[in-house]
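The structure appears below as structure tokens.
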Amino acid sequence: MTIRLAILTVSDRCAAGEATDTAGPALAARASEALGARLVAGACVPDDRDAIAAMLRDWASAAPAPELILTTGGTGLAPRDITPEATLRVLERQHPGIVELMRARCGARHPRAYLSRAVAGTIGATLIINLPGSEPGALESFDAIAVILPHALGVLRGTARDCGVRRVSRGTAT
């Protein structure tokens, strides 16, 4: 089953036409390669809580809604970095394990990854994950969690089970 994907770039400069978004298109390509995801929506908004929350709500309530929404940008410590706060406004359930995995895997090579305030969670049957705004940071962060996303989305849509079952393949437990 193809994963419906939406990508929201959060950037004052990109929204004003002063910079070109490279992270959003790169994420769409990577998600297509890694997950077979199909981009169904994409937008760029300024670092504005109401604009971010409205877009996430609109997409998650669409018919059919994207199963996965990735945001890129606004997760750091700068005063205008408010993507996590805007995302928390719309989430019904948080899922901190996803961003914990992302920070742990990325932080092993880049300790500043732990400065990310990204959040993840669900609204309805849509999983929302905040990623960094730079193209390299967004791609590395996505790569760090890509392996768990098919199962996470399957569980969310009700087509996967047995999250805690250990499987043995080629002599190793997984």
Can you name the residue in segment 9-31 that is aliphatic (A, V, I, L, M) and touching a Phe, Trp or Tyr at 6+ places or on another chain (Cβ under 8 Å) and is also farthest from Arg157 (Cα to Cα) among such residues?
Leu27
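Residue by residue through segment 80-108, note down the ones that are in a loop (DSSP other than H, G, I, E, B), exposed (fewer than 12 other Cβ atoms within 10 Å of the Cβ) and at pLDDT 95 or above.
Within segment 80-108, Glu92 is the sole residue that qualifies.
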Could you grab me the full set of residues in segment 26-64 that are surrounded by 14 or more Cβ atoms within 10 Å (Cβ to Cβ) and of a type in the set (Ser, Thr, Tyr)?
Ser32
State which residue is farthest from Glu85 (Cα to Cα) when the search covers only segment 109-157 and only residues that are of a type in the set (Ser, Thr, Tyr) and in a strand (DSSP E or B).
Thr126
Sole exception among (1) more than 16 Å from Leu149 (Cβ to Cβ); (2) touching a residue at least 12 places away in the same chain (Cβ under 8 Å); (3) assigned to a helix (DSSP H, G or I) for Leu27, by number:
(1)
With criteria (1) touching a residue at least 24 places away in the same chain (Cβ under 8 Å); (2) closer than 16 Å to Phe142 by Cα; (3) touching a Ser or Thr at 6+ places or on another chain (Cβ under 8 Å), Arg103 comes up short on (1)
Anything in segment 69-79 that is surrounded by 21 or more Cβ atoms within 10 Å (Cβ to Cβ) and of a type in the set (A, V, I, L, M)? List them, or say none.
Ile69, Leu70
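Do we have Ser134 as surrounded by 13 or more Cβ atoms within 10 Å (Cβ to Cβ) and out of contact with any Gly (no Cβ under 9 Å at 6 or more places or on another chain) here?
No, not satisfied.
Within segment 8-25, take every residue that is closer than 18 Å to Gly76 by Cβ and of a type in the set (A, V, I, L, M) and give me the one that is surrounded by the fewest Cβ atoms within 10 Å (Cβ to Cβ).
Across segment 8-25, the extreme among qualifying residues is Ala19.
The values are calculated or read from the model by the stated rules, or taken from the named source; none is laboratory data. Only a predicted model underlies this, so the values are computations on that prediction, with no experimental measurement involved. In this analysis, Cβ positions are derived from the backbone assuming ideal geometry, glycine residues included, and neighbour counts consider all displayed protein chains.
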